[in-house]
Amino acid sequence: MTSDDKPTLVRADAIMLRQVVLNLVNNALDAVVEQSGGVEIRTRLERGAIGPGRVIVTVRDTGRGIPAEHLPHVFELFFTTKEAGRGVGLGLAVCQSLIEQHGGTIRVESPGVGQGTTVEFELPAES
Ligand SMILES: Nc1ncnc2c1ncn2[C@@H]1O[C@H](COP(=O)(O)OP(=O)(O)OP(=O)(O)O)[C@@H](O)[C@H]1O
Ligand SMILES: [Mg+2]
């Protein structure tokens with residue numbers, strides 16, 4: 001929802017959106033399991049000067065965070081820091097591919113180890 005309480009609408013394949021959100025929430029939950037922490041999901045509409053603007057979805061966790069040297073690699077196929085059987089390293093690569101196919105972008109930010117992670121993706125809004 002936006003501050004003016006209008007729903008934020010995107011035109012996207014429902015299966016793909018579910019896949020993206022599930023991957024991001026799974027990562028966030030994995031990041032908070034060893035320590036107490038939280039996961040927050042927000043959506044907002046950013047209006048552009050022209051057109052209906054962009055819908056921005058943020059998945060933020062207060063978990064283990066990502067070391068700076070890993071950040072450039074997180075979207076690579078098969079990049080994982082999880083033990084065998086727990087992670088394959090496909091989640092973010094698939095998210096990026098799906099989001100870009102829908103005209104969107106995705107980014108990952110973390111101040112560092114132990115300091116949580118924020119993943120934000122944006123898609124063109126539907127007027
Ligand atoms: N929220 C997060 N907190 C900490 N590290 C993260 C987070 N999201 C992603 N990462 C890091 O990025 C790596 C790649 O994530 P990705 O989702 O692509 O693969 P995975 O979770 O390891 O395996 P899969 O998603 O295929 O089960 C993770 O192994 C982890 O090191
Ligand atoms: Mg994952």
Which members of segment 1-34 meet the condition of being within 12 Å of ligand 1 (Cβ to nearest atom) and open to solvent by less than 70 Å² (accessible area, probe 1.4 Å)? 20, 23, 24, 25, 27, 28, 30, 31, 32
Members of segment 102-127 that are farther than 20 Å from residue 63 by Cα and surrounded by fewer than 16 Cβ atoms within 10 Å (Cβ to Cβ): 103, 105, 126, 127
Segment 1-13 residues that are farther than 12 Å from residue 56 by Cα, paired with ones that are in a loop (DSSP other than H, G, I, E, B) and modelled with pLDDT of 65 or more (beta carbon under 6 Å, 6 or more apart): 11/126; 12/102
Only one of 112, 63 is touching a helix residue (DSSP H, G or I) at 6+ places or on another chain (Cβ under 6 Å) and either at pLDDT 95 or above or of a type in the set (Val, Ile, Thr) (or both). Can you tell me which? 63
Here are 117, 81, 105: which of them is of a type outside the set (A, V, I, L, M) and farther than 26 Å from residue 54 by Cα? 81
Taking segment 58-101 and keeping residues farther than 18 Å from residue 39 by Cβ, among the small types (Gly, Ala, Ser) and surrounded by 13 or more Cβ atoms within 10 Å (Cβ to Cβ) leaves 89, 93, 97
Residue list for segment 35-57, filter: at pLDDT below 95 and exposed (fewer than 12 other Cβ atoms within 10 Å of the Cβ): 35, 36, 47, 48, 49, 50, 51
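The values are calculated or read from the model by the stated rules, or taken from the named source; none is laboratory data. These numbers were taken from a predicted model, which means no experiment stands behind them. Glycine also receives a Cβ, built like all others from the backbone with ideal geometry; neighbour counts cover every protein chain displayed. When the accessible area is computed, the model is the full protein with side chains, heavy atoms only, and any ligands, DNA or RNA have been set aside. Shrake-Rupley method; radii C 1.70, N 1.55, O 1.52, S 1.80 Å.
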